[in-house]
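**Q** Shown below is the structure under consideration.
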Amino acid sequence: MKNKIKSMLVVSSLLLSSVSFANENFYSQTKSLVGIEGGYSSLDYENGVKTNNTQGSVSLENVGLKIGAETEDYRVFISGNYFFDASSQYDYLVTYGLAIQYKFNVTKVFNIYLGANGGLMNVKVRAKGANGIEETFSRTFSDPYFGGDLGANIHLGDSVDLELGGRVMSVQADNTINGRTYRIDNIVQAYGSLIFKWQMD
């Protein structure tokens, strides 16, 4: 797991390096970014044994913070998100990740972005047992995720963007206790962010 995250960081560093070497004015064109994010997600899960496996989904809300940088065509973010579960099934769900995005500069008013994301998800959940009653113990996860992003940045000014997007995170993590397996599959998210940006020195 740690090796996968290290590999992502190395790849992102190489991508940024290649962009900087290809453009002599890289740093003069680069802007620093700080974003405040809020969103709504659906998490798919499976619970049970092979012969009696139930599937379901949980609705989550999230808030997050991300920092990064952008050039004319690319953006990179390091982010953290905390998810809230109104049903109280999840004691906590937190993600820490990296996103690399390519921007299509459609007009001066907005751009469209397409990217990849990956990171680490930490979860504590109280699942329901075979009789439908909540288990007397909690299950914890600490697993990597990978996925994609798609959305648009609306330029509210020279220093602020409104970002509206969608994100898919594939987790595919299992936790087996007493012969019963709880599996987290995918998280599908719609989110909005305020992105504050300024020129790097």
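The values are calculated or read from the model by the stated rules, or taken from the named source; none is laboratory data. As the structure is a prediction and not an experimental result, all values here were calculated from the model. Here the Cβ positions follow ideal geometry from the backbone for every residue, glycine too, while neighbour counts run over all protein chains shown. Surface accessibility is based on the protein's heavy atoms, side chains included, excluding ligands, DNA and RNA. Shrake-Rupley method; radii C 1.70, N 1.55, O 1.52, S 1.80 Å.
**Q** Roughly to the nearest percent, how much of the accessible area of region 101-188 is carbon and sulfur, given a 1.4 Å probe?
**A** Working: 2530 of 4260 Å².
That share works out to 59 percent.
**Q** Can you give the Rg to Rh ratio of region 42-201, both from alpha-carbon atoms, with Rh computed by the Kirkwood formula? Spell out each step's value before the answer.
**A** Details: Rg = 18.4 Å, Rh = 17.2 Å.
Ratio of gyration radius to Kirkwood radius: 1.07.
**Q** While we're on this one: For I78, I184, I112, write out the residues from largest to smallest accessible area, computed with a 1.4 angstrom probe and no ligands counted.
**A** On the way: I78 100, I184 0, I112 65 Å².
Largest to smallest exposure gives the sequence I78, I112, I184.
**Q** Given C-alpha coordinates of region 159-201, what is the ratio Rg to Rh with the Kirkwood estimate of Rh?
**A** Using only Cα positions, Rg/Rh for region 159-201 is 1.34.
**Q** Another question, if that's okay. Accessible area per residue, 1.4 Å probe, Å², for region 43-131: what's the number? If you can, show how the numbers build up before the last one.
**A** Working: 4580 Å² over 89 residues.
Accessible area per residue, region 43-131: 51 Å².
**Q** Mind grabbing the accessible area of L156 for me, 1.4 Å probe, Å², rounded to tens?
**A** My reading of the accessible area for L156 is about 110 Å².
**Q** For region 137-201, give the magnitude of the charge dipole about the Cα centre (Cβ charges: +1 Lys/Arg, -1 Asp/Glu; no others), in debye to the nearest 20.
**A** That gives a dipole near 440 debye.
**Q** Rolling a 1.4 angstrom probe over the protein chains, ignoring ligands and nucleic acids, what is the accessible area of V34 in square angstrom, nearest 10?
**A** In the full protein context, V34 sits at about 40 Å².
**Q** Per residue Cα convex hull volume for region 67-109, in cubic angstrom?
**A** 109
**Q** Further question on the same structure: Counting other Cβ atoms within 10 Å of each Cβ, which GluC sites (Glu not before Pro) in region 59-164 have at most 14 and sit in a DSSP loop?
**A** Those that pass, being in a loop and sparsely packed, are E72.
**Q** Could you put I177, I133 in order of accessible surface area, largest first, with the 1.4 Å probe and the full protein assembly present?
**A** My answer, sorted largest first, is I133, I177.
**Q** Where the centroid of each part is defined by its Cα atoms, how far is region 81-125 from region 157-191 in Å?
**A** So the separation of the two Cα centres works out to 7 Å.
**Q** Now for a different question. Please list R139, R126 from largest to smallest accessible area, probe radius 1.4 Å, with all protein chains kept in place.
**A** Accessible-area ranking of R139, R126, largest first: R126, R139.
**Q** So what's region 126-178 giving for Rg/Rh, alpha carbon basis, Kirkwood Rh from the mean inverse pair distance?
**A** A ratio of 1.28.
**Q** Further question on the same structure: With the alpha-carbon atoms as the only input, what is the per residue convex hull volume for region 49-135 in Å³?
**A** 140
**Q** Quick one: accessible area per residue over region 145-193, 1.4 Å probe, rounded to a whole number of Å²?
**A** On a per-residue basis, 43 Å².
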